[in-house]
1. For segment 420-455, which positions are among the charged types (D, E, K, R) and out of contact with any Asp or Glu (no Cβ under 8 Å at 6 or more places or on another chain)?
2. Which condition number does Gly307 fail, the rest of (1) closer than 30 Å to Pro635 by Cα; (2) open to solvent by less than 10 Å² (accessible area, probe 1.4 Å); (3) at pLDDT below 95 being met?
3. Name the single residue, out of those in segment 170-183 being open to solvent by 40 Å² or more (accessible area, probe 1.4 Å) and at pLDDT 85 or above, that is nearest to Leu156 (Cα to Cα).
4. Determine the pairs where a residue that is within 16 Å of Asn482 (Cβ to Cβ) and part of a helix (DSSP H, G or I), located within segment 584-598, has a partner that is of a type in the set (A, V, I, L, M) and open to solvent by less than 10 Å² (accessible area, probe 1.4 Å) with Cβ atoms under 6 Å apart, the partner being 6 or more residues away or on another chain.
5. Sort out which residues of segment 613-636 are at pLDDT 95 or above and either touching a Cys at 6+ places or on another chain (Cβ under 7 Å) or part of a loop (DSSP other than H, G, I, E, B) (or both), and write them in order of number.
6. In this structure, does Thr93 turn out to be touching a Pro at 6+ places or on another chain (Cβ under 7 Å), of a type in the set (Ser, Thr, Tyr), open to solvent by 10 Å² or more (accessible area, probe 1.4 Å) and closer than 30 Å to Glu745 by Cβ?
7. Looking at (1) outside any loop (DSSP other than H, G, I, E, B); (2) open to solvent by 10 Å² or more (accessible area, probe 1.4 Å), which is the only condition Gly278 fails?
8. Just one of Ala761, Ala680, Ala732 is at pLDDT below 95, in contact with a helix residue (DSSP H, G or I) (Cβ under 9 Å, 6 or more places away or on another chain) and either more than 14 Å from Arg351 (Cα to Cα) or charged (D, E, K, R) (or both); which is it?
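The values are calculated or read from the model by the stated rules, or taken from the named source; none is laboratory data. The model shown is predicted, which means the values in this text are computed figures rather than measured ones. Note that we place each Cβ from the backbone using ideal geometry, even for glycine, and neighbour counts take in every protein chain shown. Surface areas here come from the heavy atoms of the whole protein model, side chains and all, with no ligands, DNA or RNA. Shrake-Rupley method; radii C 1.70, N 1.55, O 1.52, S 1.80 Å.
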Amino acid sequence: MPRSRKQRHLWPVGFAIGAVMAGSFVLPSYAESAAPQAASDGHDHSDPTTKNLVSRAATEDGIKDTTTPAQAAASRKAVAAQRLEKDPTLIPTAKPAARRDVPEDRYAMANGCYAIQATSNGKWVSRNAKGFRAAESSIKTAEPFHFQATDLGKYLLYGTADDFLAREPGGPAGLLLKESVAQTKKADADGDWTAALHGSAFQFVLEGAKKHLAVAANGDLGIGNGASFKLRSTTGCALWPEAETNISGQPHKGQSDIQEVRGYLDAHTHGMAFEFLGGKVHCGRPWHPYGVEAALVDCPDHTATGGNGALVEAATGGSTSHDPVGWPTFKDWPAPNSLTHEGTYYKWMERAWRGGQRLFVNLLVENGVLCKVYPLKQNSCDEMDSVRLQAQRMREFERYIDAQSGGPGEGWYRIVTDPFQARNVINQGRMAVVMGIETSVVFGCTMKADIPQCTKAQIDKQLNEVYGLGVRQMELVNKFDNALSGVAGDSGTTGPPVNGANFLETGSFWAMKKCAQNGEGIHDKEQMAAPSGAPEQDALFGAVADVVLGPVKTPVYQSAPHCNQRGLTALGDHMIRRMVAKNMIFDPDHMSVKGRDASLDLLEGLKYPGVVSSHSWATPDAYPRIYRLGGVVTPYAGDSTGFVAKWKKHQDWADGRYYFGFGFGADINGLGAQGNPRGAGVANPVRYPFKGIGGVTVNKQVSGERVYDINVDGVSHYGLYPDWIEDLRQLAGSKIIDDMERGPEAYLQMWERSLGVSNDACRQPSLLKRDSTIQAIKKGTRVKDVLFKAGQPHSRLGTTFTYCAKSKSGKKTTVRVTFASGKVGKIS
């Protein structure tokens, strides 16, 4: 069936499902009465300000926990003491080497300006009214081409008339030519040339088509037997259209590859979400081989109506219409509340990296049932298929950044699979990228009428597969109950449609009942009987369900607070144990209180520190437990004012036995709104330009015709996170920045401990080793092996690790291990 006809048929199907759900289900009643119940605390939990709460799972703004004043004071004292410890030395990365007149390999031309000389006749390629010819005797009259990399060793040849040298399919042939080439305004496969180095010259071929750029006897260019061309650096090229980074100065790196790291940590973002939910809900993508004009475009169903009636965008952002034009005007998007538009374009990501982003967790995301009911799609709705596709896209993105940076392994975006590799990458001045998973039915482990649809063997097989892909951080649930655990659910207007979709997936609604005496703030999302008001800002899933399912009648629940009666299952227990065996990082976010409690009980029993709550979707009782395990918490970023409040609260929960650093979970690209601006009229706005980490200078970001200012635009895209961090400085001073810059180190040390490296004995004296044990480590031992033998040092400055130990007499002493070329050189 043709795509357009199929789509027309699917829209009625979606709404028919909604009608069925609205009118035909026999719904259970969990209510004390049939009347809809208001939120017990008087707050509207569909309010977008929930993004600024300490816990998005419980939606409590007045958190009361079991931490005593004495415990909180001790935690704050420990955090303050750590800020006073000596920082590692940061130095600027080396400036890129000067471009050679003649490129040294097939990758070196990226973003360069070159003249092209045919070796067959010695003539330079120039333009005339008919096209391009190799006819000029002097380089001074040659056409200067901007070589825009589309992949490793592949280029668009961009001319001075903002056009491309490209094959002309079916164009007139010439002497010894099969087809002609033309001056075209469109960037596509016909102008995407693969460069192959032959001695000091190059050949250019259209990959896949096996069509070589050739030269006729009269100098005409066309397609034929491969000709060789020499390149010479020149000037006068047209400016390639591109978003700017607007950060000057070299990004920082470590003084050595093994020292303590500094930078910023984001433990929860969806960089490849343009492929999820069938690949048609998300508008734009983080890169495109043919540039920003192809990458940052609105969805076809948005542009077809001039931005009117874009149902999912309207449901999530609150506006019934928007300007569909992306590049170069960006009038309405990207924006903090635009959840369907791309937020992690590669140049914006590059700006974040240049501004200090050093550890980045990219979560592969999917929800199969909503993908199936949403009528527009081009990808499989199988969640594992989507995980595989997005993992592939991450590798392609890494290649694309490499292509822009001069060759394989040269880019700033580096996918890592262990903390040792990550530390090396960060200290080289690059961004370490961890691959994670956040799906609703992970590994297909759904349930139907409470019957699991997967087995332990299937879990083991698929966990092995994703581990092989590079996945190291995972959640067990997202929006739906599954065969592993119950879910926290959604509240407000998001709740009923997501609950209805939960029914479609599992055959049952959330088993929400009035909580037992759990303590204030320790409950799942509060439910309502029917939609009303505005949706929450973590609302894309709910909006999709609402759009395609229509009004949904869900159970009438008891009065709040609500707790899902489904907790961690035997399969969920098995899954966590298998993750622990693989030293993977477990994220309990989105789990029901019952499920999360059981999960943390399990990890405490196993004494496993590899745990992170990545974006505030856990209840406040979980955070002290995670810190006590040696884990990390990175609250949802949200507004700068709200984030400062979270940072202040988390200092009460920090465990002084472990290295403390603070990160954030941006949750950008469809799943969460970004920080709103405080306004230009506040007493302490961000003032441009400002100095960032490592001494870089940060100016306002420019994308096409749009100039972004954090004071009035908020976090409209990922490139504004350096500005957001500066806004934190304006609100809370240097202390919050100190803690934020220590975020990546906290994550790396947690990751090391999950692999079996013992904690810093200076902070945890019960782990003190005999000084003779450390001194017995042989010269030439690698850093990684030293860590497993001696544990985590108290400091890693330059090439020296400093340990607390005990002498034979039991007295506390200090041992220093100095490395040379990554191996032990001296122990003193």
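1. First pass over segment 420-455, keeping only residues among the charged types (D, E, K, R): 423, 430, 438, 448, 450.
Result: Arg430, Lys448, Asp450.
2. Of (1) closer than 30 Å to Pro635 by Cα; (2) open to solvent by less than 10 Å² (accessible area, probe 1.4 Å); (3) at pLDDT below 95, only one is false for Gly307: (1).
3. Gln183
4. Arg596/Ala622
5. Hits for segment 613-636 are Ser614, Gly630, Gly631, Thr634, Pro635.
6. Values: touching a Pro at 6+ places or on another chain (Cβ under 7 Å): yes; of a type in the set (Ser, Thr, Tyr): yes; open to solvent by 10 Å² or more (accessible area, probe 1.4 Å): yes; closer than 30 Å to Glu745 by Cβ: yes.
Against the criterion (touching a Pro at 6+ places or on another chain (Cβ under 7 Å), of a type in the set (Ser, Thr, Tyr), open to solvent by 10 Å² or more (accessible area, probe 1.4 Å) and closer than 30 Å to Glu745 by Cβ), Thr93 qualifies.
7. In the conditions (1) outside any loop (DSSP other than H, G, I, E, B); (2) open to solvent by 10 Å² or more (accessible area, probe 1.4 Å), Gly278 misses (2) alone.
8. On the way: Ala761 fails: at pLDDT below 95; Ala732 fails: at pLDDT below 95.
Within the list Ala761, Ala680, Ala732, the selection yields Ala680.
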